[in-house]
Structure formats: C-alpha cells, structure tokens
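What follows is a set of notes on a single structure, which appears directly below.
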Amino acid sequence: MQAAAKHDRRIHPGSGRRRGAGQPKGRQVDPAALAELREVLGDRERRRDLLIEHLHLLQDRFGCLHARHLAALADEMRLALVEVYEVASFYAHFDIVMDDEVPPPALTVRVCDSLTCALLGAEELLAALPARLGDGVRVVRAPCMGGCDKAPVVAIGHALHEHASLDSVAGAVAAGADHPAIPDYPGLDAYRAGGGYRLLDACLSGARSRDGVIEAMEHSGLRGLGGAGFPTGRKWRLVAAEPAPRLMAVNADEGEPGTFKDRYFLETDPHRFLEGMLVAAWVVEAPEIYVYLRDEYPQCRAILAREIAAIEAAGLARNTRIHLRRGAGAYICGEESAMLESIEGKRGLPRHKPPFPAQVGLFGRPTLINNVETLYWVRDIVERGPEWFSAEGRNGRKGRRTFSVSGRVKNPGVKLAPAGITVRQLIDEYCGGMEDGHVFKGYLPGGASGGILPASLADIPLDFGTLEGEGCFIGSAAVVVLSDRDNMKDVALNLLRFFEDESCGQCTPCRAGTEKAVALMTAPRWDEELLADLARVMADASICGLGQAAMNPVKQVIKHFPEDL
C-alpha cells in the first residue's frame, strides 16, 4: 500500500511543478504488476545475465512487454529501468507497450521477406494476408527464418509454416496451428545404440588425452563453419592455454539469409552435435557451456531442452553445466562478440577487438566459441581419424562442406558435398539442375554478405580462400541460385534492406551507411561513384563484419550485371 501511495503522489511530466523533497524519482512500481512478475518468474534466479530470458517469459505470458512489468522487472533484478528498456527495445521479438497504448493482437504472423522468400512470393503474401486474416491477427515483415529451401516461409506465432500460400496460412491460423511441430529425430537411446558417447566416455575416463584430440582436429583441417573459417584445432589449443576458469559458447544463431544447415543438424542428429560440444568443453576444461539458439527455431529449442535434460540425467554432462539461451530476433547476435553480450543479458553490440574472446570472452573469461556444424563433425573426425575428413574434396581442396542451397533449383536443401565443388557441379549433381523454365544467371556463394557472381564464374571451387579474388567469400556456404527471371538490382536492394534493418546502430559507418545505400539504390539510376565511395568507408570503418561486408552485393552487381542497372 505504501508503494501505491507513492505512485499516487508522483508528479507527471508537463505539470509545471517540480518534484518535492522526499518524493521518489522516476516510474514507481505497481504492486499488482510486481505480483504478476513474481508469479511468472517463480523461483528462477534474478541474475543480470538472465534478463533476456525473463523478458521472453513476460512476452510469452502476456503477448507483449507492458511498461508496468518492465518497471517491476527492473526493481526485482535491482537494475535501472533504462537498462531493462534498452535491452527490451533492441530485440525485434519483444513488443513494448506503454500505459496508453493498445497491446498487439493475440496472434502475430511473420512473413519472411529475405531473398529466396521474396523471389518465391513473399511480397504477394504480405500484401494479401492482412485482409484475409482480419483485424485480430497482426501481419509483419520478418528476416530469414531458416526455411529458404521451403520458401516462402511464414511464422504463425512460434510455428514455422513452410511452402506458404494465402490459403494454407489462412487455414493454419483458423486451425490454431501456432505451436512448433517437433520433427522425428534419434533420441539418446538410439544415438547410444549406434556408438554415440563412446568418444566422450573415453575422454572422461582418461583413455584419450586432450592433446590427442586437439591433434586430430588440427590434422583434419576442419575450420570454423559458422563463416569465419578459423582452424578449429588451433582455436581449441589457444583457449586451453589461457588461464582457468574457461567457458564455452555455442553459436546457434544462424541468421544469414540463405543459411539453414545448423537447423538441419539440430533436427536430424542433435546428439552428434551435443557429444562434440561436450568433448570440446572437456578439451578446454570449461565447466559451463552456453548454447545461444536463435528464437526463430522453437522446434530446435524444444529438442535441445529435452535432450540436454536426458544427457544430464544419464550422467554424461557430469563435469559440465549446460545453459540453453534464447535469442530474440537480432541477426547481429550471430557475430561472436555480440552473441556474448546477449548471453550476458545485454544488447547485442559487437565488441572492439582485440582482446579476442579466446582471451577475454564471456563474463570476462577465456571462451571457446564454436558453431553447431563445427561441433557436429568432432566425433567422426576423432573416431575415424582426421584423414577421413580431409580425404574428401575436389579441385585441390580438402574436407567436407555443408551447403544450404536455395533459389531457382529443382531440389533445394542441405547438401553434404566435397569442399571445392563448383556451383555448377552442385546444381547439376546435387540439386537436379535448374528449375524448369529458368536459365542459370548468377549465384550468392556465401549468403547475403558473400557477394554475387555471374554464371560465367560458376566453375570457381567453393571453399575458404577461393572466392576472395572475385571480391566474395564462402562464409557459411549459403548458396542462393538466381536465374534469368531475376533482376540483380532488385536482388541487391533486398539484401541491403536486410542489412539496414539488422544493423545494431553502434557505429556510424554501418548505421548511416546502410540507410544511405538503400536510399541511393531506390533511385531510378544508381550513382555508382557515390556507392563505391560509401562501400569503401563502410568496409574500412565499421566495427564488425555486418558493415564491412554489407556492400559486397552492390559492388558485384555493378561489376557483373550492368545490364540490370
């Protein structure tokens, strides 16, 4: 009652009166909102790094983040209200509702407008769905949801709806299909029946040495498959040499348009990834692992929550505590240092480097960061020997690559292929050729930031270090195939709008540069000289790879597709 009385005495802005002595500053906590918050949080810890997790609980329960609950959460977690608000307002999947505002409808339908979905009808869905679904449903644009091979994709609540059409989405909404469907996958028992966790058992029992496992990884030539390509064994050795305690973070926040390989591994063989993760943590002696999973994969979150509980119950994680953390709709958090900031409960702003995360990472401790696919290969490399992995390859390259292929091919999807394969071979041998009626025109070899190449350069081996001479890179191997029906000017504009929307806003070259680029690209004719100057500034002065590589598609379109300008 005392808090309520204080709230009643608060002087509202614009009243012309000053706050008197002894009157509380700022927004006061509503006792009813505090009671609701405590009921939602239950006995969960109120640690600072759990802020985003707690915001998710409120968003899930009330369909939005009411200002009264944010004030209560700040009070409960002993944080300044501005700290809570700045985090909540940073992430796209949180809806802040002030006291005088109307909450959003109970159901939100997100329509992916990233490149492949845009090519296959997303704009038509965005235009027609609001009238078809009515006022009780909110329809919004959204970036890539990791279903590019089944485009166009729509999220109905938390459920992915793929190969979407106006009728299928309306039917799913009417049927209440707003919860994620969990695919069939091998659980713990099935995985162990096939030899799973023998490697981990051998590590924990002392039958294998840490140096031996690192050497196998080094000799395999495996490089980080999240996009940066840093040699995995060398990274493990560097982190292991840092002073304890060390930590581990898993980057499962693949948000690059065209990328869906990590989703494939999590949905089809999650324990192979989990075993690789636990082996890596054992190698660097990390007692805690943080798995950061993008919010667009609720089905994967359900799988991981279930299977992490299973391996903990089986005693397989007895030396390691696993934390499953949920992203909130921010592509920038795929950048490793932005991911660390988000795990710590903050805005996902990339850090300046050095120091690097291997030295000063999560919570200021040396941190091993690997992505899902990198860890997926650990068991096979160590058990079968590094030569098993490095023996495969084409055109002088070594190893295996997982390509996420989408666009104008007959059979898109995840393709396990030799490193060094060309896009022409990938299309013909793995994708059944081009879609009927389409002529191969160009391709993105490495997702939205990897550049665009013409069909005349379709015989370049796809691997680390092979595309840089053309101003491109393979990144996470997200290959989007384009045809003679696609205008490359429109393709580049779609990609730049994505970067404009996803820029974290921390540095001016990226924040202002992406906005300026989109404005220049919507003109009837591009000012090529000004775009080139802007590209140089962004590449040289941006803090992280988003701003540094955002203009790659623009430069490639100007160079290779002048007929579309």
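Of all residues in the stretch 346-362, those that are farther than 20 Å from Gly329 by Cα have Cβ atoms under 8 Å from Cβ atoms of residues that are aromatic (Phe, Trp, Tyr), 6 or more apart or on another chain, in Leu362/Tyr290.
The criterion of being modelled with pLDDT under 95, surrounded by fewer than 21 Cβ atoms within 10 Å (Cβ to Cβ) and either farther than 30 Å from Ile343 by Cβ or in contact with a Lys or Arg (Cβ under 7 Å, 6 or more places away or on another chain) (or both) does not hold for Gly121. The set of residues in the stretch 245-290 being open to solvent by 10 Å² or more (accessible area, probe 1.4 Å) and of a type in the set (Val, Ile, Thr) consists of Thr268 alone. When every residue of the stretch 293-307 is checked against the conditions, at least one turns out to be in contact (Cβ under 8 Å) with a residue 40 or more places away in the chain, within 30 Å of Thr108 (Cβ to Cβ) and assigned to a strand (DSSP E or B). A Cβ distance below 6 Å, combined with a sequence gap of six or more or placement on separate chains, defines the contacts here; from the stretch 522-537, residues that are surrounded by 12 or more Cβ atoms within 10 Å (Cβ to Cβ) reach residues that are in a loop (DSSP other than H, G, I, E, B) in the pairs Trp526/Leu565; Ala535/Met551. Considering only the stretch 318-365, state which residues are within 27 Å of Gly146 (Cβ to Cβ) and among the hydrophobic types (A, V, I, L, M, F, W, C). Result: Ile322, Leu324, Ala328, Ala330, Ile332, Cys333, Ala338, Met339, Leu340, Ile343, Leu349, Leu362. Of the helices (runs of 4 or more DSSP H) lying entirely inside the stretch 447-565, the ones with 1 or more residues being of a type in the set (Phe, Trp, Tyr) and under 28 Å from Ala88 (Cα atoms) are found at 488-502. You will find that of Ala128, Ala151, the residue that is among the aliphatic types (A, V, I, L, M) and touching a Ser or Thr at 6+ places or on another chain (Cβ under 8 Å) is Ala151 and no other. Applying a threshold of 6 Å to beta carbon distances and a minimum spacing of six or more residues, or different chains, the list of pairs starting in the stretch 131-148 at a residue that is in contact (Cβ under 8 Å) with a residue 40 or more places away in the chain and ending at one that is among the basic types (Lys, Arg) reads Ala142/Arg110; Gly146/Arg263. Quick check: anything in the stretch 363-381 free of Cβ contacts under 8 Å to residues at least 60 places away in the same chain, within 23 Å of Val291 (Cβ to Cβ) and either open to solvent by 30 Å² or more (accessible area, probe 1.4 Å) or of a type in the set (Ser, Thr, Tyr) (or both)? Scanning the stretch 363-381 turns up at least one residue that is free of Cβ contacts under 8 Å to residues at least 60 places away in the same chain, within 23 Å of Val291 (Cβ to Cβ) and either open to solvent by 30 Å² or more (accessible area, probe 1.4 Å) or of a type in the set (Ser, Thr, Tyr) (or both). Residues being open to solvent by 30 Å² or more (accessible area, probe 1.4 Å), in a helix (DSSP H, G or I) and free of Cβ contacts under 8 Å to residues at least 24 places away in the same chain are represented in the stretch 71-82 by at least one member. Residues of the stretch 389-420 that are outside any strand (DSSP E or B) and under 26 Å from the mean Cα position of the chain (by Cα): Gly399, Arg408, Asn411, Pro412, Ala419, Gly420. Of all residues in the stretch 415-454, those that are open to solvent by less than 10 Å² (accessible area, probe 1.4 Å) and hydroxyl-bearing (Ser, Thr, Tyr) total 2. A single member of Ala174, Ala170 is open to solvent by 60 Å² or more (accessible area, probe 1.4 Å) and more than 27 Å from the chain's Cα centre (by Cα), and it is Ala174.
One residue stands out among those in the stretch 37-64 that are of a type in the set (Lys, Arg) and in contact with a Leu (Cβ under 8 Å, 6 or more places away or on another chain): the one that is most open to solvent (accessible area, probe 1.4 Å), which is Arg44. Put simply, of Leu462, Leu482, Leu495, Leu467 the only residue that is among the hydrophobic types (A, V, I, L, M, F, W, C), out of contact with any helix residue (DSSP H, G or I) (no Cβ under 8 Å at 6 or more places or on another chain) and open to solvent by less than 10 Å² (accessible area, probe 1.4 Å) is Leu467.
When the stretch 498-507 is limited to residues that are touching a residue at least 12 places away in the same chain (Cβ under 8 Å) and surrounded by fewer than 21 Cβ atoms within 10 Å (Cβ to Cβ), the one that is farthest from Arg347 (Cα to Cα) turns out to be Glu500. Applying the set (1) open to solvent by less than 10 Å² (accessible area, probe 1.4 Å); (2) of a type in the set (A, V, I, L, M); (3) not in a helix (DSSP H, G or I) to Val87 leaves exactly one unmet item: (3).
When you look at Leu324, is it open to solvent by 10 Å² or more (accessible area, probe 1.4 Å), among the hydrophobic types (A, V, I, L, M, F, W, C) and not in a loop (DSSP other than H, G, I, E, B), yes or no? For Leu324, the condition - open to solvent by 10 Å² or more (accessible area, probe 1.4 Å), among the hydrophobic types (A, V, I, L, M, F, W, C) and not in a loop (DSSP other than H, G, I, E, B) - is met.
The values are calculated or read from the model by the stated rules, or taken from the named source; none is laboratory data. As the structure is a prediction and not an experimental result, all values here were calculated from the model. Don't worry about glycine lacking a Cβ; one is built from the backbone with ideal geometry, like all the others, and counts go over all protein chains shown. Heavy atoms of the whole protein, side chains included, go into the accessibility calculation; ligands, DNA and RNA do not. Shrake-Rupley method; radii C 1.70, N 1.55, O 1.52, S 1.80 Å.
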